[in-house]
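The structure appears below as structure tokens.
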Amino acid sequence: MTVPATPDTPPSTSPPAPGRDAPTASQAASPPTPEEREATSRQLLRLQEYAAGFFGVWTLDLGLRHGLFAALARHPEGLSAEFLARELDLDRMYVSIWCNAAYSEELVEYREGKFFLAPGLHAPLLEPDSPVYFGGTAKFLGALRDAWGFLDQHVRDGEHSWWDQFPPELSSSQADSSRTFYTRLLRKGFAQVPGLMERLGGSGTPLTFVELACGRGAGLVRLAKAFPHARFHGIEGDEGSVKAAQEAIAKEGLSDRVVVEQKTLETGSFPAADVVLMNIALHEVQDKEGVVRHVVRALRPKGTFLISEFPFPEWEELPRLRTPAGRVMAGVQYLEGILDDQLLPPVQFMNLLRRSGMREVSSAELAPIHILVWGTK
Ligand SMILES: C[S@@+](CC[C@H](N)C(=O)[O-])C[C@H]1O[C@@H](n2cnc3c(N)ncnc32)[C@H](O)[C@@H]1O
């Protein structure tokens, strides 16, 4: 999509004519009112919190990628910065800086010369299958460093890119960050869809479960383990992700029931399916109407289409962006913009399903950043 360029109008730089009364600095700016002063101190505090949050993200990123949190968790008796560095074969000074930063951010505790993982952080940082896992998101934020560079370079010309143009760390950390989406689907999402759990858990004729845009296959592996009588077929456009998915499936010994192929969804050649899932992926597809039509064609009678997505607020509910979940989604839009798409309000997915002739279209919020929309053929 190209946006018509607006001609730049350079600001007037001519000085006031000599002899005229040019305002002095003190005249130009009248002293701030008490309300303005208060607003400024509120904003300053907020800006400082953003700076602190920025450093918090880097502390999380470094600590997760280099095993600092995991090492502290292995040592409940605590470790000095020096021993932590030695255990991980890292530089002593950098580890000491990290320890102080992590302490300032309340990610670690300090007692008598030793650092400890702060209480309540084991599951969010170190348990990928926990419903409260946050480590993937933290790594994903760090991996966005190249995306920021891209945006900085192309904010004027509006050029876009795709997953395969970024280092594999972006898609691997994205896969890690979407684990909690699959966890929620398995723990409570599928149960919201009438009859779905019974069909998936049944031991009669095996169901065919198709996941479109399955990424690196982490979801397929979890689904295949949860429903041992079903067959799974993943389709994904990014070559690197397909290879990673195939490796993960082989490593788990699931190759007899789970296959993944590289294909652009717009080709529409999907196997006959009882259930089709798209996890945080339909918003990325350029021809959404076309892909949904292909899904409906591939579904068997009474088949289910599950769309698991971010619920981006509609224009009328824009204040919802000023919640923690809203701020995360507004931030995710930067990457979506680079990929030439945007997160969408759930009503748009529901309307897509209705227009395609699906019945019983419904939705359930699984978390403030997660909605499940479904329909029956
Ligand atoms: C945000 S990722 C989600 C991946 C996976 N479902 C997960 O939750 O981890 C979106 C995926 O959609 C894939 N994708 C986007 N548009 C596609 C298209 N038109 N055809 C095939 N794959 C596509 C991307 O390659 C990427 O792997």
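Quick notes on this structure:
- Checking A272, A226, A281 one by one, the residue that is modelled with pLDDT of 95 or more and either buried (at least 21 other Cβ atoms within 10 Å of the Cβ) or within 26 Å of Q165 (Cα to Cα) (or both) is A281 and no other.
- Residue in the range 338-358 that is crowded, with 17+ Cβ neighbours inside 10 Å, more than 13 Å from the ligand (Cβ to nearest atom), under 23 Å from A147 (Cβ atoms) and under 24 Å from the mean Cα position of the chain (by Cα) present: yes
- Residue check for E198: away from the ligand (no atom under 11 Å from the Cβ), within 21 Å of H283 (Cα to Cα) and surrounded by fewer than 15 Cβ atoms within 10 Å (Cβ to Cβ): no
- Filtering E236, E261, E211 for residues that are within 21 Å of the chain's Cα centre (by Cα), of a type in the set (D, E, K, R) and more than 20 Å from I371 (Cβ to Cβ) leaves a single hit, E236.
- Residue in the range 209-218 that is over 25 Å from A367 (Cβ atoms), within 16 Å of the ligand (Cβ to nearest atom) and assigned to a loop (DSSP other than H, G, I, E, B) present: no
- Test: residue in the range 14-25 that is at pLDDT below 95, in a helix (DSSP H, G or I) and either small (G, A, S) or surrounded by 10 or more Cβ atoms within 10 Å (Cβ to Cβ) (or both): yes
- A single entry from R300, R293, R320 fulfils the requirement of being touching a Ser or Thr at 6+ places or on another chain (Cβ under 9 Å), more than 18 Å from V193 (Cβ to Cβ), more than 12 Å from the ligand (Cβ to nearest atom) and not in a loop (DSSP other than H, G, I, E, B): R293.
- Subset of the range 280-290 [more than 9 Å from the ligand (Cβ to nearest atom) and of a type in the set (G, A, S)]: G290
- Where a residue in the range 282-311 is in the same structural domain as T183 (by TED's automatic domain parsing) and more than 22 Å from L207 (Cβ to Cβ) and its partner, wherever it lies, is part of a strand (DSSP E or B) and of a type in the set (G, A, S), with Cβ under 9 Å and at least six apart: P311/S363
- Qualifying helices (runs of 4 or more DSSP H) (wholly inside the range 71-186; at least 2 residues being small (G, A, S), surrounded by 20 or more Cβ atoms within 10 Å (Cβ to Cβ) and within 16 Å of the ligand (Cβ to nearest atom)): 135-143, 168-177
- Residues of the range 294-316 satisfying the condition of being hydroxyl-bearing (S, T, Y) and closer than 11 Å to F349 by Cβ: S308
The values are calculated or read from the model by the stated rules, or taken from the named source; none is laboratory data. The structure displayed is predicted, hence computed values, not measured ones. Using ideal geometry, Cβ is built from the backbone for each residue, glycine included, and neighbour counts are taken over all protein chains shown.
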